[in-house]
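FYI, it's all coordinate maths here, none of it is from the lab. It should be emphasised that the depicted structure is a prediction, and the values quoted were computed from it without experimental measurement. Cβ atoms come from the backbone with ideal geometry, glycine included; neighbour counts cover every protein chain shown.
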Amino acid sequence: MRRQGYPTYLHREPEWDENEQWTTTHWLSNSGGAWLRDLLARGIDVVWATTWQHAANEHFAVPLGLPELPIAVSGEGSRLLGSSSWKSIQLSRQFDHRPLLWVDDNPVPSPSLALPALRLRSDRVLTRFHWIRNWDIGITEHDVRDMNEWLELTRTGHGHEELRERRRRERDRSRATFRRSRWGNEAEYQRWRAIHGRLEIALGVNQSLPHVLAWYAFDHPNGLDPVEVTELVVEWGNAETPLAAELIRIIRCGNAMGA
């Protein structure tokens, strides 16, 4: 690899020799290479989504038996994002109304920046991130079977229904996991939700105060301190916000309904 053209974004500079070259070894997956060639043979578009950017074609296409492929992510992004978020943002702005399978060994850490969350709502069911969990091994035959099965489902209306059902089940599992981690069980979540709902009716849905007070009430099941509630009102409320005594009454009614 040569210094000229080496991708500097999110890549550490290697030790260049006197000719401004660097020699190293990269291990490539035979299963992955064969799968990519098969995708191209089936007429499926394949693009690079890598921090190597244009250097991917120069260094990796020939060993994998691939033609020059389009580059789907490029340029200099914020180093605060990290490589996976940088890729997710760029991929989400392309391929509208088309199935999109992204294969990578580095998941996006923030759910709000995950590829399905960033794509058009109508495209989310046709969006998949496939995580290669062991980058030393790369794409395996098991990965290939799993991804091919998903791609086949994107081809028909029946397959789309199956993908929607899978998405619903996954969303339900994620919600249940989150509720257990934060509220402990479904009954406690319903108690919090009742409080939150009554506060939204009283204060309006476009305020932060209902959320803040609901969490305060949830974290203080044995009693509410009027002084602390007043402090929250001062910090998060406005001139139209009811006094602490009225808010405590609303919260207690919510507690009773949740019980």
Taking Rh as the Kirkwood radius computed over alpha-carbon pairs of region 119-259 and applying Stokes-Einstein at 37 °C with viscosity 0.692 mPa s, one gets a diffusion coefficient in µm² s⁻¹ of 176
Report the calculated FRET efficiency for Glu200 and Thr23 (r = Cβ-Cβ distance, R0 = 45 Å), to the nearest 0.05. 0.10
Along the Cα→Cβ direction, 7 angstrom out, place labels at Cys253 and Arg169. What is the inter-label distance in nm? 4.2
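With a cap of 15 neighbouring Cβ atoms within 10 Å, and only residues DSSP puts in a loop, list the trypsin sites (Lys or Arg not before Pro) found in region 50-100.
Numbers: sites: Arg79, Lys87, Arg93; in loops: Arg79, Arg93.
Of the trypsin sites (Lys or Arg not before Pro), the ones in loops of region 50-100 whose Cβ has at most 15 other Cβ atoms within 10 Å are Arg79, Arg93.
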Using every Cα-Cα pair within region 186-258, state what percent have a distance larger than 14 Å. 52
Suppose we take every Cα in the chain and form the convex hull; what volume per residue is that in Å³? 195
Out of Phe95, Val229, His54 - ranked by how far each Cα lies towards the positive end of the dipole of the chain, with unit charges on the beta-carbon of charged residues - the top one is Val229
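From the P(r) of region 30-153, can you give the percent of Cα pairs sitting at distances over 24 Å? Can you show the working numbers first?
On the way: 1918 of 7626 pairs.
That fraction is 25 percent.
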Projected onto their principal axes, the Cα atoms of region 107-164 stretch, largest extent first, over whole-Å spans of 36, 27, 11
